[in-house]
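> Supplied in structure tokens, the structure appears directly below.
The values are calculated or read from the model by the stated rules, or taken from the named source; none is laboratory data. Keep in mind that what you see is a predicted model, and the values were worked out from it rather than measured. Cβ sites come from the backbone with ideal geometry, for glycine too, and all protein chains shown count toward neighbours.
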Amino acid sequence: MWPILLSAASAWYLTGLSWTVGLVVYPSFNLVDSASWKRFHEHHSTKIAIAVGPAWLFEALGSAWWLLTPRSSTLPYALANGILALGTVLLTVFTAVPLHNLLSRGSNAGLIQRLNRWHLARSLVWSSAALASSLGLAVACSTI
């Protein structure tokens, strides 16, 4: 039960953070003037890493623990959660990180728009991971 709870809690935290970033933070990037951009972006990148890093670690630990000790009734949810959690990492590494690296050189409306589009995909995948872990938790609780 504990690995599922850890997976669900971290997935829901990351889902909420992701939607907040996508609806509030990234759209505000267009409001930052070019003179302040580099300092702003550096601050954002540093602080968001602090907000995301520990939760990603807990999500990885919970997902791995759950996959290594699944009940047969929760195995489909463990697999879905694990694949979706990995999907968020891959989307981050192959889309958000390269776009942020380009944006660290200077503001660019086209890059910000691409970041927003890819971030929507990440938010949807994180939401799906949270749903999978919650369904797994519900199944686990109903079989106690």
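> Take the conditions among the small types (Gly, Ala, Ser) and closer than 15 Å to Gly22 by Cβ and apply them to Ala130. Does it pass?
yes
> Do we have Val125 as under 10 Å from the mean Cα position of the chain (by Cα) and either surrounded by fewer than 17 Cβ atoms within 10 Å (Cβ to Cβ) or assigned to a loop (DSSP other than H, G, I, E, B) (or both) here?
So Val125 does not fit the description; no.
> For Arg117, indicate whether it is part of a helix (DSSP H, G or I) and surrounded by 20 or more Cβ atoms within 10 Å (Cβ to Cβ).
Here the answer is no, as Arg117 does not meet what is asked.
> Residues to consider are Ser104, Ser63; find the one that is more than 30 Å from Ala140 (Cβ to Cβ) and touching a residue at least 40 places away in the same chain (Cβ under 8 Å).
Matching residue, one of Ser104, Ser63: Ser104.
> Can you pull out the residues in segment 34-60 that are over 30 Å from Ile83 (Cα atoms) and without any contact (Cβ under 8 Å) to a residue 12 or more places away in the chain?
Ala35, Ser36, Arg39, Phe40, His43
> Could you check segment 1-26 and list, in sequence order, the residues that are surrounded by fewer than 16 Cβ atoms within 10 Å (Cβ to Cβ) and modelled with pLDDT under 95?
Correct list: Met1, Trp2.
> Something else now. Which of the residues that make up segment 81-123 are among the polar types (S, T, N, Q) and under 19 Å from Val32 (Cα atoms)?
Answer for segment 81-123, where residues must be among the polar types (S, T, N, Q) and under 19 Å from Val32 (Cα atoms): Asn101, Ser104, Ser107, Asn108, Gln113, Asn116.
> To continue, here is another question. Only one of these is small (Gly, Ala, Ser) and surrounded by 19 or more Cβ atoms within 10 Å (Cβ to Cβ): Gly110, Gly62. Name it.
Among Gly110, Gly62, only Gly62 is small (Gly, Ala, Ser) and surrounded by 19 or more Cβ atoms within 10 Å (Cβ to Cβ).
> Oh, and also: Pull out all pairs, ordered by first then second residue, where Cβ-Cβ is under 6 Å, the residues are six or more apart or on different chains, the first lies in segment 117-139 and is in contact (Cβ under 8 Å) with a residue 24 or more places away in the chain, and the second is not in a helix (DSSP H, G or I).
Close Cβ pairs (under 6 Å, with a partner that is not in a helix (DSSP H, G or I)) amount to Gly136/Thr74; Val139/Ser73; Val139/Thr74.
> I'd like the residue in segment 28-42 that is assigned to a helix (DSSP H, G or I) and aliphatic (A, V, I, L, M) and, out of all such residues, is nearest to Gly110 (Cα to Cα).
Ranking the qualifying residues of segment 28-42, first place goes to Leu31.
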